[in-house]
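The values are calculated or read from the model by the stated rules, or taken from the named source; none is laboratory data. Predicted model, so just to flag it, every value in this text is computed and none were measured. Backbone-built Cβ (ideal geometry, glycine too); neighbour counts: all protein chains shown. Just so you know, the surface numbers come from the protein's heavy atoms only, side chains and all, with ligands and any DNA or RNA stripped out. Shrake-Rupley method; radii C 1.70, N 1.55, O 1.52, S 1.80 Å.
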Amino acid sequence: MLKFISSIGAALTLLIATGAQAEEGPATLPYPEVTIFEAAKIITMEPGFPEARYVATADGIILGLGQSLEELEAWTRDRTVTVDRQFSEQILMPGFVEPHVHPMQTIMMLPIPFISPEPWDLPGKTYPAARGKAQYKQRLRAEMAKSEDALFITWGHHKLFHGDMDRAALDRIAPDRPVVIWQRSFHEIIANSKALILLGIGDEAAFTSAFSKPNIDPGHADFASGIIHETALFNGIEMLRPYLFSPAKVQQGLADMRQMMLENGVTTSADLAFGGFGGPAMESALFKSLYDQPTTPSRILAIPIAPLVTGDPNVWLADMKAKYDSPKFFFSNRVKLFADGAFFAQYMQMNPPGYSDGHEGKWLTEPEELLKQTERFWDAGWNLHTHVNGDKGLDVVLDITQQLAVRNGQNIIMEHLGYSTEAQNRRIGEMGLYVSAQPNYIRILGDAYAKTGMGPDRAAQMSRLGSLERKGVPLGLHSDFNMAPIDPLYLAWVASNRITLDGNVKAPKERLSLDKALQAITIEAAQVIGLDDMVGSIATGKKADFTVLDRDPYVGGAAKLREVEVRGVVFEGIWFPAE
């Protein structure tokens, strides 16, 4: 790196010293030490200043941008300046923003083996795809043989790819060992008889008692099948806690999550289920142990689930901020609400004709209760993030939204939006709503749901994002890990190509443009979580967060987005290489 110190300051000091005595000394310049990063190209995601060659930074923020060092003289004059040229042949983009993750889910999932329809490349390990009953059983037995855990847990089963699975089928595969299979949606677990006994719910009376709780639909926990899902899931997770959150697994999960964020260029994220797994005190302590370290190049916004916020929402928020807020782990007036069920499990609520096999979707929150929750937080001045997947669920959410009194400064965000109609997208645009979309549905499920459940036309139009772009709807792309990898460039590739696992292009008119796809992992992703004044673009006054790429994503276009490699991130002005 080339360092230079301007001599102008010394000359000015000499002139003042030899002249008449000044009544006041010269003003102290702000930001006396400046670092300027040079790149082959800086993609700012700012429409008024879209590109630059140099960016000046100090104290973790951006001072200014220019096409030459000379243009930045306002920030170099009379200062100690370091010009960092290590990225002179690489591309800088804003640090990527992940607007919907679940850190507790990530921590618990990363240490367990994945057996899913698609391959996974995770920190320190890779898992090939598994298709068909025989291959799934083969992989399951192989993974069990590697593990000495008292309770073996794996994730990724989907009946449309791997065949039906229940307690009896799992007993046949593993008659002598406690086993739990986590369905590909995360919203459902399947336990064999040995696992139910180990968890203390091995007889029907104990099982029924364990799930006879307020807010649990009795139909969401079935002793005969060993299936626990949706509103009963968190009770099931509580029973699994000793096997999911051992100190060794927690530390492994934290380290792997940090590395996954870094390798994929994510510098800012939002936890969309804060407190749901362990309560605010436990989760805050755990997350702060990671994010408050100088070695962690990312920050996270904690967005609580609605039932966690007791009493006056603003009193609750003030208490959380006083106890736990820090520059890299913090709260705001945002809440997570839930409408209908999981998309990967076909539990979303669908309008007529419904599902082709006649099954019904499920509510995570009954519409009457959802209305009460929505009004409570809206009246308190909060922004609403509502999990909604099917068009019937979306009708309920939009109808509730339309009843709310119009207020300035509050936003409502549709989370996931697995299937919406064109008419509903018009309503979203006309009502000024935001969307945080999970585009991986079309990649993984586009072909399978065409054959079972939705039919070819509706399945092709899952994640109807091109329509939202045409209507000017602010849009973020999220992973909802592990529904998709924490890999924003992959999400942008999926959304702008719409290619299924079998290589079929679905509803090409619903592809995002390359511009919109990149905005949806930077500035618009920041907008949907209310942080676009701080991150999401490379602009004066914002955080000095940059993702370093090996090539220009605009040169290869949307088809080549998966080939772009992240070299690392600059987080608040400090370089963190990916490897």
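Here residue 497 clears all of (1) touching a residue at least 12 places away in the same chain (Cβ under 8 Å); (2) closer than 20 Å to residue 328 by Cβ except the condition numbered (2). Is it the case that region 20-41 has a residue that's closer than 23 Å to residue 263 by Cβ, out of contact with any strand residue (DSSP E or B) (no Cβ under 8 Å at 6 or more places or on another chain) and at pLDDT below 95? Scanning region 20-41, I find no residue that is closer than 23 Å to residue 263 by Cβ, out of contact with any strand residue (DSSP E or B) (no Cβ under 8 Å at 6 or more places or on another chain) and at pLDDT below 95, so the answer is no.
Yes or no, residue by residue, for (1) out of contact with any helix residue (DSSP H, G or I) (no Cβ under 8 Å at 6 or more places or on another chain); (2) at pLDDT below 95; (3) under 30 Å from residue 519 (Cα atoms):
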| site | (1), (2), (3) |
| --- | --- |
| 54 | no, no, yes |
| 57 | yes, no, yes |
| 80 | yes, no, no |
| 87 | yes, no, yes |
| 141 | no, no, no |
| 152 | no, no, no |
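Taken over region 445-454, residues that are surrounded by 23 or more Cβ atoms within 10 Å (Cβ to Cβ) and assigned to a helix (DSSP H, G or I) amount to 3.
Each residue in region 175-185 was checked for being of a type in the set (A, V, I, L, M, F, W, C) and farther than 11 Å from residue 228 by Cα, and 1 pass. For region 233-247, check the following and say yes or no: at least one residue is more than 30 Å from residue 293 (Cβ to Cβ), of a type in the set (Ser, Thr, Tyr) and open to solvent by 20 Å² or more (accessible area, probe 1.4 Å). No. In this structure, residue 365 does not qualify as over 28 Å from residue 214 (Cα atoms), among the β-branched types (Val, Ile, Thr) and open to solvent by 10 Å² or more (accessible area, probe 1.4 Å). Among the residues making up region 98-131, those that are buried (at least 19 other Cβ atoms within 10 Å of the Cβ) and among the polar types (S, T, N, Q) are 105, 106, 116. Restricting region 471-500 to residues that are in a helix (DSSP H, G or I) and among the hydrophobic types (A, V, I, L, M, F, W, C) leaves a set whose member that is farthest from residue 256 (Cα to Cα) is 495. Cβ-Cβ distance below 7 Å, separation of 6 or more or different chains: which pairs start in region 103-117 with a residue that is more than 17 Å from residue 290 (Cα to Cα) and free of Cβ contacts under 8 Å to residues at least 60 places away in the same chain and end on one that is open to solvent by 10 Å² or more (accessible area, probe 1.4 Å) and in a helix (DSSP H, G or I)? Partner pairs satisfying both residue conditions: 113/143; 115/139; 115/143. Tell me whether region 226-246 contains one or more residues that are assigned to a loop (DSSP other than H, G, I, E, B), at pLDDT 90 or above, over 26 Å from the mean Cα position of the chain (by Cα) and not aromatic (Phe, Trp, Tyr). Yes: region 226-246 contains one or more residues that are assigned to a loop (DSSP other than H, G, I, E, B), at pLDDT 90 or above, over 26 Å from the mean Cα position of the chain (by Cα) and not aromatic (Phe, Trp, Tyr). Can you spot a residue in region 302-321 that is surrounded by 23 or more Cβ atoms within 10 Å (Cβ to Cβ), touching a strand residue (DSSP E or B) at 6+ places or on another chain (Cβ under 6 Å) and more than 30 Å from residue 190 (Cβ to Cβ)? There is at least one residue in region 302-321 that is surrounded by 23 or more Cβ atoms within 10 Å (Cβ to Cβ), touching a strand residue (DSSP E or B) at 6+ places or on another chain (Cβ under 6 Å) and more than 30 Å from residue 190 (Cβ to Cβ). Applying the condition of being out of contact with any strand residue (DSSP E or B) (no Cβ under 9 Å at 6 or more places or on another chain) and over 30 Å from residue 138 (Cβ atoms) to region 187-211 and asking which residue is surrounded by the most Cβ atoms within 10 Å (Cβ to Cβ) yields 206. Across region 407-442, the qualifying residues are those that are farther than 22 Å from residue 361 by Cβ and of a type in the set (D, E, K, R), and the one among them that is most open to solvent (accessible area, probe 1.4 Å) is 430. Among the candidates 539, 559, the residue that is open to solvent by 10 Å² or more (accessible area, probe 1.4 Å) and not in a helix (DSSP H, G or I) is uniquely 539. Kindly provide the set of residues from region 461-470 that are outside any loop (DSSP other than H, G, I, E, B) and open to solvent by 20 Å² or more (accessible area, probe 1.4 Å), ordered by number. Within region 461-470, 469, 470 qualify. Taking region 501-513 as the range and being within 22 Å of residue 474 (Cβ to Cβ), open to solvent by 70 Å² or more (accessible area, probe 1.4 Å) and in a loop (DSSP other than H, G, I, E, B) as the test, only 511 passes.
Yes or no, residue by residue, for (1) within 21 Å of the chain's Cα centre (by Cα); (2) more than 22 Å from residue 569 (Cα to Cα); (3) in contact (Cβ under 8 Å) with a residue 60 or more places away in the chain; (4) part of a strand (DSSP E or B):
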residue: 301; (1), (2), (3), (4): yes, no, yes, yes
residue: 304; (1), (2), (3), (4): yes, yes, no, yes
residue: 311; (1), (2), (3), (4): no, yes, no, no
residue: 330; (1), (2), (3), (4): yes, no, no, yes
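Selection of first residues in region 262-289 that are β-branched (Val, Ile, Thr) and of second residues that are open to solvent by 30 Å² or more (accessible area, probe 1.4 Å), restricted to Cβ pairs under 9 Å at least 6 apart or on distinct chains, gives the following pairs, ordered by first then second residue: 266/487; 267/543; 267/572; 268/534; 268/543. Exactly one residue among 335, 397 is more than 19 Å from residue 221 (Cα to Cα), within 20 Å of the chain's Cα centre (by Cα) and in contact (Cβ under 8 Å) with a residue 12 or more places away in the chain, and that residue is 335. When region 333-347 is filtered for residues that are touching a helix residue (DSSP H, G or I) at 6+ places or on another chain (Cβ under 8 Å) and among the small types (Gly, Ala, Ser), the ones remaining, listed by number, are 339, 341, 342. Restricting to region 132-186, what's the tally of residues that are assigned to a loop (DSSP other than H, G, I, E, B) and either in contact (Cβ under 8 Å) with a residue 24 or more places away in the chain or open to solvent by less than 40 Å² (accessible area, probe 1.4 Å) (or both)? Residues that pass the stated criteria total 15. Residue count for region 255-295 under the criterion of being touching an Asp or Glu at 6+ places or on another chain (Cβ under 7 Å), farther than 24 Å from residue 309 by Cα and open to solvent by less than 10 Å² (accessible area, probe 1.4 Å): the result is 2.
Look at residue 516 and say whether it is open to solvent by 30 Å² or more (accessible area, probe 1.4 Å) and not small (Gly, Ala, Ser). So residue 516 fails the test.
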